[in-house]
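Heads up, the thing below is written out as structure tokens.
The values are calculated or read from the model by the stated rules, or taken from the named source; none is laboratory data. For clarity, every value in this text was computed on a predicted model and none was experimentally measured. Here Cβ is always computed from backbone atoms with ideal geometry, including for glycine, and neighbour counts include all displayed protein chains. Ligands, DNA and RNA are excluded from the accessible area calculation, which covers all protein heavy atoms including side chains. Shrake-Rupley method; radii C 1.70, N 1.55, O 1.52, S 1.80 Å.
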Amino acid sequence: MVELTQIPNLSPLAELPGEIPALAESLRQSRKRAAQWLESARAEASRRGQALPPMTWVMTAIAAIGLGEPAKARAALAQAEARGEVEGYRVDRLAAVAALLSGDLALALDLAHRARERGASREQMRTTLILALVYDRSGAADAAQRELALLRPLAASMERMAVDALLPLHERLYLAAIEQIALKNPANAALLFKGYLACPEPEEAERRLVERRLAELRPT
């Protein structure tokens, strides 16, 4: 669980694009370690004929999301839900991110809405950040900005850091960029979008979208 909270530092933003390979590898190694430990825990529990440690499948899903493996995340979440490892809204929230990573934006939106409707008030910030990311990626940038505007200030929040720890690097950069737009920091947003473009994961359509956003952020 502690390993799954480890996230690479993004500062200074001006050097971010050149740092992307090292940052991505650091995150990959961290989530790979967690996934391997969890696999070993499952094997040992099976060997002993004992119940799995608490939240084994939820943490397996989180590790898979960090590695950009949505199919593995969905499979683990199905196990977590069947065993009642956590509340349903937490499963929905993680499943929304897995759906986003697999490109199923309609499902991601449905799950994110359901997570907010069913969720505990103490975790609404976490759920709203995920919802804002899904809104923006679904083409509803104005709706995303409205959601983010309600959450200021976010920087030191434990809920905010939990979302950073959950997301793969490129999605973390995208969320941070649209957050900076909401905070009226276009220069920071542009640097974060450039970092996003330096990641290998975004597809051509996603890159064109971010290039348009960058053009909008340039001073007139």
Practice problem: Would you mind finding the one in R93, R122 that is open to solvent by 10 Å² or more (accessible area, probe 1.4 Å), touching a residue at least 24 places away in the same chain (Cβ under 8 Å) and part of a helix (DSSP H, G or I)? | Solution: R93
Practice problem: Give the residues of segment 79-90 that are over 19 Å from R122 (Cβ atoms), of a type outside the set (A, V, I, L, M) and part of a helix (DSSP H, G or I), sorted by residue number. | Solution: Q79, E81, R83
Practice problem: For A76, state whether it is out of contact with any Ser or Thr (no Cβ under 7 Å at 6 or more places or on another chain), among the aliphatic types (A, V, I, L, M) and without any contact (Cβ under 8 Å) to a residue 60 or more places away in the chain. | Solution: no
Practice problem: Note down all Cβ pairs under 9 Å where the first residue falls in segment 131-152 and is modelled with pLDDT of 95 or more, the second is surrounded by 17 or more Cβ atoms within 10 Å (Cβ to Cβ) and outside any helix (DSSP H, G or I), and they're at least six residues apart or on different chains. | Solution: A132/L151; L133/L167
Quiz item: List the pairs whose first member sits in segment 159-171 and is farther than 12 Å from I65 by Cβ, whose second member is at pLDDT below 95 and crowded, with 19+ Cβ neighbours inside 10 Å, and whose Cβ atoms are under 6 Å apart, counting only residues at least 6 apart or on separate chains?
Solution: E159/R126; A162/R126; D164/I7
Practice problem: Kindly provide the set of residues from segment 163-220 that are under 20 Å from A24 (Cα atoms), acidic (D, E), open to solvent by 40 Å² or more (accessible area, probe 1.4 Å) and not in a loop (DSSP other than H, G, I, E, B), ordered by number. | Solution: E204, E206
Practice problem: Could you check how many residues of segment 53-78 are modelled with pLDDT of 95 or more and not in a helix (DSSP H, G or I)? | Solution: 4
Quiz item: In segment 52-73, what residues are buried (at least 22 other Cβ atoms within 10 Å of the Cβ), of a type in the set (A, V, I, L, M, F, W, C) and touching a residue at least 60 places away in the same chain (Cβ under 8 Å)?
Solution: I62, I65
Quiz item: Being open to solvent by less than 20 Å² (accessible area, probe 1.4 Å), of a type outside the set (D, E, K, R) and over 18 Å from L173 (Cβ atoms), is that true of even one residue in segment 17-30?
Solution: no
Quiz item: Of the numbered conditions (1) closer than 20 Å to Y196 by Cα; (2) part of a helix (DSSP H, G or I); (3) of a type in the set (A, V, I, L, M); (4) in contact with an Asp or Glu (Cβ under 9 Å, 6 or more places away or on another chain), L10 satisfies every one except a single condition; which is it?
Solution: (2)
Quiz prompt | A106 without any contact (Cβ under 8 Å) to a residue 40 or more places away in the chain and either under 13 Å from the mean Cα position of the chain (by Cα) or part of a loop (DSSP other than H, G, I, E, B) (or both) | solution = no
